[in-house]
Each structure stands twice: as structure tokens, then as C-alpha cells.
Amino acid sequence: MKSTEEIAARGLKARAEAEKHKIRLLKGVSVTLALCLLLVGGWSLSRQGAVADGGKSGGRTGDNDGSIPAIRQILEAGGISFSGSRITEEEAAAYFEAYGETILQELSAGGVKVKEPHFSETGVSHVRIADGKAVCKTDWRDYLLFDGEDLAAIVTLSREDGPLRHFTMWGGSWQESYASFLAAHKGEELVYVYVENGGAEDVILTASGEAVSPLGTSMKHFFPGDFDYYSALKTPYNVFVP
């Protein structure tokens, strides 16, 4: 049987691949529901090579091993570009008003009962580092679903190639560690990044120089040297304030 960490490590890979390959999601229906039931342990926010294979994964950004160009080089060469039709907070609020009950039913079917649901008023997009480019995809945006004060799930909205859709992530060891991380950084501007490195690594940067995954794993190896990655990767769309 796979460990919680191994199950968690598969979550974002599937999620990021959905974004990368433009999987069409049925309006108001979560593809994640079926995948979560298959995985039993639910979804994770992050694919962590260090967790999944005991830290044996190679191909670190910036160590000239031929995987992908160093992030610093990418940013200095071309900066950040933007793609997609931006999802606004007003649109997200309207979507949750219309489909919030559907999302709660999906969670309930997966064994998650949310008694006091409320969605975060703001969401966050990601800057994706891949193929020698840094691109902020504004047509994908994550929102938090709380049960009272507790983090219950993450709902990703997308309107890539069509009308606004959603899919939902919950369960696994990432949820507790991510909630703790957000609590520890309450009121701070956090910068969200995906790094393509044989898979999709979900990274959160802080103004104090931290680079961690939602599982709490250090991701500093992607950001070597004294370059100010936090400021260089910060845009109006990939910042979240817990």
C-alpha cells in the first residue's frame, strides 16, 4: 500500500498535467472527485520528488545538469509573460454562489463533510517556469474552502478553452502542513510558482526567503544564490495573503 506521502505526491502532478495539457472539465462537475476516490487518500497540492522517491530525483534547476535553464536566467532574459483570460474575484464569488452546493456534494461523496463552509474572497494564480519561460496563467486560480476556521479543500477555477469550471483537492498530509504554513504567515504576501522539473513542483515563496512546498518540504534548491526570486516572480496575480 502506498504511503500518504506517496499518494500526496501524485496529486499535483495530475493537477498540473490537467493545466499543462488543457484537460476539459465538465461545468459544475469535479474530475478530481473520481481521482480522489481512486487514490483513496485524496488529492495533494504538490508532487514532491524528494518525498516520492526518497530524495533521489535529479534535475535540479540551476545546477546545469541539462534539465531546464536556471530560473534566474529565465527571469533575467525574458521576465514574466501572461496568458489566458483573467478570472476576477467577482466572477469567482458568483461561481461559488452558483456551484458551491455542487462542490460540497462532491466533497461529501468523497467522505468530507463541511458544516460551516465559506470560500476565500481572494484566490491565487501561479507563475509556471517551463520550457525556458516564466508564464503567469491567469485563467487558472486557486481558492480555499474553509469549514469554520479549518481548511477543508482547495478549489481551482479554470476557463481555459471554455466556460468557467472547477476541480477540487482535499485530503492527504499536505492539508495539515499547508494550513499550518498559512497560519504562520498570516497577513504576509506569499508568491506562488510552479516549476517544471520532470514533473510539476508547487512552490511558495516568502519575503523572508523561504521556498517551500505545501507539504512543508524545502524547495530552496530551485533558487540558488543571492538573487531576489521573491520580487522577480511576484505579479499582481500570483500573490495570496492568508
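The values are calculated or read from the model by the stated rules, or taken from the named source; none is laboratory data. Just so we're clear, the structure is a prediction, and the values are computed from it rather than from any experiment. Cβ sites come from the backbone with ideal geometry, for glycine too, and all protein chains shown count toward neighbours. Side chains are part of the model used for accessible areas, which takes the heavy atoms of the whole protein and leaves out ligands, DNA and RNA. Shrake-Rupley method; radii C 1.70, N 1.55, O 1.52, S 1.80 Å.
General observations
- In terms of packing, defined here as the mean over residues of other Cβ atoms within 10 angstrom, the peptides 92-101, 209-218 line up highest first as 209-218, 92-101.
- When the residues His118, His185 are ordered by accessible surface, computed with a 1.4 Å probe over the protein chains alone, the sequence from largest down reads His118, His185.
- Computed FRET value (nearest 0.05) for Thr102 with Asp226, which takes r as the C-beta separation and R₀ as 51 Å: 0.60
- For the stretch 64-145, the set of trypsin sites (Lys or Arg not before Pro) satisfying both a DSSP loop assignment and a count of at most 12 other C-beta atoms within 10 Å is given as Lys113, Lys115.
- Extension reserve of the Glu76-Lys133 stretch, reckoned as 0.36 nm per residue once the Cα distance is removed: 19.5 nm
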